[in-house]
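The values are calculated or read from the model by the stated rules, or taken from the named source; none is laboratory data. In this text the structure is predicted, and so the values were computed from the model without any measurement. When we count neighbours, we look across all protein chains shown, and the Cβ atoms used for this are built from the backbone with ideal geometry, even at glycine. Just so you know, the surface numbers come from the protein's heavy atoms only, side chains and all, with ligands and any DNA or RNA stripped out. Shrake-Rupley method; radii C 1.70, N 1.55, O 1.52, S 1.80 Å.
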Amino acid sequence: MARLLLKLSRATMRVGTPALLVLTGVSLCSLMLITRQVDNTNLSPSRRDLLEGVEFSVLPDLQLPHRSRPSAVSKLGNQKNTRLRSIPAGTKSAPGNKTSTRMKGTVSAVDHQAFIKKAIKERPGRVMYQPLTLAGINVTFLGCYEDSVVPSLRTLQEEFLSDYRRMTVEKCLNHCRKRYFPFVGLEFGGECYCGKQLHRGPATLSDCNVSCPGHENSTCGGVNRLTVYHIHPRSMGRPPKDRQRVELGILRPDPRSRERYLDAETDEAYRGCYPVRPGLERTASMLVRDHLLTPRRCRLSCQQQIYTLALVRNATVCQCLNASATCRLVNASSDDNCNFSCSGNERQKCGGPSHMSVYRTEIEDRRCATASFLQDHSWPLVALASYPGSGNTWVRHLIERATGIYTGSYYNDGDLFNKGFRGERENWLRRNTVAVKTHRFDRAHIEQFHSSILLIRNPYSAMLAEHNRKYAGHTGLPAPKYYQLHEWREFVDGQSRTWTNTNLNWLQYSRRLLVVHYEDIVRDTMGQLRRILDFLGLPASQDRLICLEADKDGKFKRRRHLEFDPYTSDMKGYTNIYIKTIDMSLRLYNQTRLPQEYSTDSL
């Protein structure tokens with residue numbers, strides 16, 4: 001340092017005062033850069049933040065390393081707002097921590113995950129608003145939010161995408177951005193939700209602890225918890241004229257949300273309309289008349305008395321029941337026979353003069369509620385194969401209730417796992433489950449299984465069910481507008497071929513095969529279930545079958561259906577050809593042909 005000052009003084013004597021000022025400025029800038037590179041860690045936070053905004057253009061070979069660094073903490077009211085920036089090499093910044101040119105670098109998933117872990121440790125439970133750039137999209141990380149499995153009560157309700165093998169934060173952001181939805185949430189590791197607004201409030205940040213399957217160092221929500229981002233308007237592009245920009249904010253809960261929740265809860269608990277049989281009075285609880293009767297009131301009353309079923313009829317009558325060998329729920333009737341409005345709620349139905357509306361309570365029937373895994377590698381690899389939307393989840397419910405053994409899955413559906421399908425998280429090659437759900441139909445995959453159960457459903461119904469699941473979850477129903485878009489026509493064109501190829505390949509390449517038709521299960525549930533159990537070589541307990549009769553639908557019965565036909569004549573033309581192809585193939589392989597419920601002009 002002394003030698004440097006001596007040289008400066010000699011240069012001053014030679015060139016004069018103006019040159020001295022220039023040389024001194026260059027020297028001081030050089031010293032600042034050297035000090036920043038070597039002793040930046042010893043600076044106080046305030047001085048370090050001042051250096052963040054200085055332009056160093058004198059010596060371009062001495063630049064800041066490319067890394068993310070938290071800047072100064074500012075206060076908005078009583079809440080701190082920590083900003084995270086990525087400063088690539090060569091990017092200039094203006095004083096005041098405001099970027100003077102558009103940032104070209106992005107924060108990687110690894111950096112982002114490390115930041116979230118640090119935030120959880122330093123600020124547990126706090127909502128943190130963090131600007132980030134992910135996959136070239138400017139977003140704000142809003143934190144962890146609560147969610148509900150009821151579609152009408154979800155935090156984000158407009159768009160849904162699932163990928164339990166390759167989901168990443170970037171994939172979800174791109175999916176929502178292309179559809180002009182500013183709010184993005186990831187849940188259960190592989191589920192992506194988009195929306196115009198947030199309908200629920202924040203949760204503890206540490207509750208979002210499930211890694212993304214496509215990038216283990218990124219977080220994709222948790223169990224009933226969403227990792228939420230907001231896409232900045234500049235990154236959204238110019239939306240169509242019918243879309244309106246929604247500013248960042250959380251709406252207050254809809255005052256009608258509780259009413260919608262209760263209706264959805266009642267629909268989910270409904271188990272059907274049954275005739276009142278002789279002897280019911282001897283096995284059911286004492287009859288109670290309630291002039292403010294609703295299914296919920298009757299369910300709560302029966303639940304307090306430790307009954308599994310609530311029976312309502314004649315608009316005012318409530319009874320409770322546990323199914324038994326002397327009183328079984330068989331031969332369900334049409335819902336038209338249970339058309340009396342409840343005395344306490346005209347929107348809901350409470351049986352009829354000779355029929356009763358049956359609802360399930362929260363009390364579990366222990367005779368068929370328990371299940372367990374088999375020993376590892378002790379069971380043949382059995383496929384439960386189908387085109388999506390063919391009732392695979394329902395058949396899994398029937399098998400698990402009847403056998404007491406969990407079914408597995410090639411996928412990893414967090415929603416199903418949360419509903420009680422514990423085999424969702426098991427390795428499907430572990431062979432500790434009685435059957436494995438799969439929708440794949442390539443030959444190499446099929447030949448891995450020792451035997452297969454192929455579930456076939458009418459493609460018109462199956463494609464609708466899969467489309468409903470895509471846009472409204474396992475039990476919801478999307479708005480009619482989703483069937484009027486070009487995407488719906490493309491969906492039917494592609495999925496009708498997928499339905500055909502799925503069934504053809506499993507018929508052709510399976511080593512040992514049982515074909516079961518969805519329509520036959522609806523008409524004769526217990527008879528078709530016995531066919532499946534005989535194929536598996538498993539006995540069924542009589543007690544398990546009795547309680548299964550009282551809860552055949554499980555938790556994924558879709559109660560509402562479209563009130564119009566979304567299929568055009570062109571769609572029906574080529575789909576009917578595919579149906580005939582499958583029917584001929586079933587006859588060729590000596591399997592049960594398509595049932596009569598299929599369109600008569602298609603067979």
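Observations
- Residue 168 vs. criteria surrounded by fewer than 22 Cβ atoms within 10 Å (Cβ to Cβ), β-branched (Val, Ile, Thr) and in contact with a strand residue (DSSP E or B) (Cβ under 9 Å, 6 or more places away or on another chain): yes
- Residue 292 closer than 17 Å to residue 345 by Cα, assigned to a helix (DSSP H, G or I), among the hydrophobic types (A, V, I, L, M, F, W, C) and open to solvent by 40 Å² or more (accessible area, probe 1.4 Å): no
- Residues (in a loop (DSSP other than H, G, I, E, B), closer than 25 Å to residue 186 by Cβ and open to solvent by less than 40 Å² (accessible area, probe 1.4 Å)) located in region 369-418: 388, 389, 410, 413
- Verdict on residue 308 being open to solvent by 60 Å² or more (accessible area, probe 1.4 Å), among the hydroxyl-bearing types (Ser, Thr, Tyr) and within 20 Å of residue 368 (Cβ to Cβ): no
- Residue in region 181-218 that is surrounded by the fewest Cβ atoms within 10 Å (Cβ to Cβ), counting only those that are β-branched (Val, Ile, Thr) and within 13 Å of residue 145 (Cα to Cα): 204
- Conditions (1) surrounded by 14 or more Cβ atoms within 10 Å (Cβ to Cβ); (2) of a type in the set (Lys, Arg); (3) under 34 Å from the mean Cα position of the chain (by Cα): number failed by residue 328: (3)
- Within the option set 194, 212, 220, being over 25 Å from residue 427 (Cα atoms) and touching a residue at least 24 places away in the same chain (Cβ under 8 Å) holds for one residue only, 194.
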